[in-house]
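For reference, the structure is listed below as structure tokens.
We did not get these values from a lab; they are worked out from the coordinates using the rules stated. Remember, it's a predicted structure, so these values are computed and weren't measured experimentally. We place every Cβ from the backbone using ideal geometry, glycine too, and count neighbours over all the protein chains shown.
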Amino acid sequence: MVSAAKLTMQADLEIRLIHDGTQWIASHEHFKAYGHTLKELDQALIQCLLKKQLFPEKNCVMVFMVFDYSCIPTWIRQYAYHYFNRHIQLNLQLAVPEEQ
């Protein structure tokens, strides 16, 4: 039997996720990452983690993105079920080099 603790995914980092109507924004006390798509956001987040060296000993980082519903008006929150939390694994070795 597998314990419940082994079934949960432990995050190395928890960050705030919002959408400003144009792009996704992932916020942490040490950085902000931006992307027009979630794929772009993930690449920007990898670049932030590498630049800030928050996990120099790790090749993969588990990130829990908590969507902050306060970024949308209260009256529309009941219809905004399409927004979500994300639990992703980022492979820091597969980082795409930043364009100069």
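Side notes on the structure shown:
- The chain: calculated mean residue ellipticity at 222 nm from DSSP helix runs of at least 4, using -39500 (n - 2.57): -5500 deg cm²/dmol
- Taking all Cα pairs closer than 8 Å and separated by 6 or more residues, the relative contact order of region 13-91 comes to 31 percent.
- More than 21 angstrom apart: percent of Cα pairs within the chain: 39
- Taking 7 Å steps out from each Cα toward its Cβ at Ser70 and Glu40 produces label points 2.6 nm apart.
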